[in-house]
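S.K.: A single structure is presented below for examination.
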Amino acid sequence: ESATSHHQNIHYYQQGEDEAHLERLVMLDELKQAISDDDGQLFMTYQPKLNMKIQKVDKVESLIRWQRKDGSWVSPEVFIDLAEQSGLIVELTAWVVNTVIAQVAAWQQKGIHLQAAINVSAQDIAFAGFHSSLVRTLKKHKVNPALITIELTERDMIENEEKGIIALENLKAIGVKISLDDYGVGQTSLGRLKMLPIDELKLDKCFILKLDESQKDQFIVQSSITLGHQLGFSVVAEGVETVGTLALLKQMKCDHAQGYYLSRPLKAELLEQWLEEYDGVH
Ligand code: C2E
Ligand code: MG
Ligand code: MG
Ligand code: MG
C-alpha cells in the first residue's frame, strides 16, 4: 500500500510540474503579445530618489508592471525571470528603454528635470544590439545620455565578465551612467568592485529596511557609504521605509534615498503630482 501511495505522490508531483510548465508557456505567450500590442498591459512606474544634499528629487528608478487582460497582476520578479530564460528579455528591454526615454523627453519638455534609471539584465548587456539601439533611441527623442542610468545587479555584471565590462565602458563613453544594484548581497569582492566602471552604488534594501533598529546594519551601511565615496561612487539606499532611517542615512552622508517612506513607484502622471506636493512641503 505504501508503495502505491508513494507512486501516486510522484505522479501527482509530475502532474503539478507539467501544469506549472504549461502556465509558464501560456504566460510567456501573453507576455510576447503584450510587448508587441503595447496595449497598456505593460506599463512603467517611477520611484523617486531623493538627493539628500539638496533635499530634492533629481532622479527616479523606472520599474515595470504587468496587469494581464483578466485583471491579474504578475510580479516583475516572475515575468522578468521568464523573459530572461526564454530570451524575450531583449525585446522587453527594448520596449522599456523606448518607453522610459520617451518619458524623460516628455518631462524635459515640461521643464521637469529628472534622471531616470533603467534596470537591465546580463543578456541585454551581452547583446551587441543593446548599445546601438540605446543610442538610436536617445537620438530619436533628443535625450542627453547623461540623463539615463543603467542599473545592473552584481550577478548581471559578473556574467560574461570581460565582455560585460567592455560593454559598460562603451556606455559610459557616450555619457550613460552605470549603477550597481542590490550591492552587498552578491558575490562582488572588493577587488572586483574597484575594477567595475560604475558611477553609483545601490545598497541592497536588506541592510536598509531595519536600519533604524539594527546597529549591525548601521555599521555595514556606514562603512559601505564611506567605501563607495572613496572609490568615487555616488551612493543610494533603497528600501527606506521610515523617517528614522532617512535621518540616519542623511547623517551617514548617503547621497540618495529611495523607498516607500518617500513614495511607492508611481505612474508618470501621479509622480508629477507627487513631485509638486513634495516640493511644496520642503
Ligand atoms: P530592484 O531593481 O532592486 O528594485 C527595487 C525593488 O524594491 C522594486 O520592486 C521596488 O518596488 C521595491 N521597493 C522600493 N522601495 C521599497 C521599500 O521601501 N520597501 C520594500 N520592501 N521594497 C521597496 P519591484 O518593482 O517589484 O521590482 C523587483 C525587481 O524586478 C527589481 O529589483 C528589478 O530587479 C526587476 N525589475 C523591475 N522592473 C524592471 C525592468 O523594467 N526591467 C528589468 N530587467 N528588471 C526589472
Ligand atoms: Mg534597480
Ligand atoms: Mg535594487
Ligand atoms: Mg532587486
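The values are calculated or read from the model by the stated rules, or taken from the named source; none is laboratory data. Quantities reported herein were computed from a predicted structural model and do not represent experimental measurements. Neighbour counts run over all protein chains shown; Cβ positions are idealised from the backbone, glycine included. Areas reflect the complete protein model, heavy atoms only, side chains present, ligands, DNA and RNA absent. Shrake-Rupley method; radii C 1.70, N 1.55, O 1.52, S 1.80 Å.
S.K.: If I go through the range 189-198 residue by residue, how many of them are crowded, with 19+ Cβ neighbours inside 10 Å and farther than 19 Å from Asp255 by Cα?
M.R.: 1
S.K.: Within the set of pairs 6+ apart or on separate chains, which have a first residue in the range 201-213 that is within 22 Å of Gly232 (Cβ to Cβ), a second that is part of a helix (DSSP H, G or I), and C-beta atoms under 6 Å apart?
M.R.: If the second residue must be part of a helix (DSSP H, G or I), the pairs left are Leu201/Gly228; Leu203/Ser224; Phe207/Asp217; Phe207/Ile220; Phe207/Val221.
S.K.: Here's a follow-up. So which of Asp182, Asp255 ends up being in contact (Cβ under 8 Å) with a residue 24 or more places away in the chain, under 30 Å from Arg136 (Cα atoms) and in contact with a helix residue (DSSP H, G or I) (Cβ under 9 Å, 6 or more places away or on another chain)? Give the steps one after another, and end with the answer.
M.R.: Working: Asp255 fails: under 30 Å from Arg136 (Cα atoms).
Only one candidate qualifies: Asp182.
S.K.: A follow-up question, please. Given the criteria within 15 Å of the chain's Cα centre (by Cα), assigned to a helix (DSSP H, G or I), away from ligand 4 (no atom under 16 Å from the Cβ) and touching a residue at least 24 places away in the same chain (Cβ under 8 Å), does Leu92 qualify? Steps first, please.
M.R.: Working: within 15 Å of the chain's Cα centre (by Cα): yes; assigned to a helix (DSSP H, G or I): yes; away from ligand 4 (no atom under 16 Å from the Cβ): yes; touching a residue at least 24 places away in the same chain (Cβ under 8 Å): yes.
Considered against the rule, which asks whether it is within 15 Å of the chain's Cα centre (by Cα), assigned to a helix (DSSP H, G or I), away from ligand 4 (no atom under 16 Å from the Cβ) and touching a residue at least 24 places away in the same chain (Cβ under 8 Å), Leu92 comes out as yes.
S.K.: Tell me which of these Tyr261 doesn't satisfy, since it passes every other one: (1) open to solvent by 60 Å² or more (accessible area, probe 1.4 Å); (2) within 15 Å of ligand 2 (Cβ to nearest atom); (3) within 30 Å of Glu277 (Cα to Cα).
M.R.: Only one criterion in (1) open to solvent by 60 Å² or more (accessible area, probe 1.4 Å); (2) within 15 Å of ligand 2 (Cβ to nearest atom); (3) within 30 Å of Glu277 (Cα to Cα) is unmet by Tyr261, namely (2).
S.K.: It is to be established whether one or more residues within the range 73-87 are farther than 20 Å from Leu42 by Cα, surrounded by fewer than 18 Cβ atoms within 10 Å (Cβ to Cβ) and out of contact with any Ser or Thr (no Cβ under 9 Å at 6 or more places or on another chain).
M.R.: Within the range 73-87, not a single residue is farther than 20 Å from Leu42 by Cα, surrounded by fewer than 18 Cβ atoms within 10 Å (Cβ to Cβ) and out of contact with any Ser or Thr (no Cβ under 9 Å at 6 or more places or on another chain).
S.K.: How many of the residues in the range 228-245 are in a helix (DSSP H, G or I) and either under 15 Å from Ser179 (Cα atoms) or touching a residue at least 40 places away in the same chain (Cβ under 8 Å) (or both)?
M.R.: Number of matching residues: 2.
Every residue, every condition in (1) within 16 Å of ligand 2 (Cβ to nearest atom); (2) touching a Cys at 6+ places or on another chain (Cβ under 8 Å); (3) open to solvent by 70 Å² or more (accessible area, probe 1.4 Å), yes or no:
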{"position": "Leu180", "(1), (2), (3)": "yes, no, no"}
{"position": "Val185", "(1), (2), (3)": "yes, yes, yes"}
{"position": "Glu200", "(1), (2), (3)": "yes, no, no"}
{"position": "Lys205", "(1), (2), (3)": "yes, no, yes"}
{"position": "Lys216", "(1), (2), (3)": "no, no, yes"}
{"position": "Ser224", "(1), (2), (3)": "no, no, no"}
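Conditions tested, residue by residue: (1) modelled with pLDDT under 95; (2) of a type in the set (Lys, Arg); (3) closer than 20 Å to Glu77 by Cα.
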{"site": "Ile125", "(1), (2), (3)": "yes, no, yes"}
{"site": "Gly129", "(1), (2), (3)": "yes, no, no"}
{"site": "Lys140", "(1), (2), (3)": "no, yes, no"}
{"site": "Asn160", "(1), (2), (3)": "yes, no, no"}
{"site": "Gly184", "(1), (2), (3)": "yes, no, yes"}
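S.K.: Could I ask something else about it? Which of the helices (runs of 4 or more DSSP H) contained wholly in the range 137-195 include at least 1 residues that are over 23 Å from Tyr46 (Cα atoms) and over 19 Å from the mean Cα position of the chain (by Cα)?
M.R.: Output list reads 161-173, 190-193.
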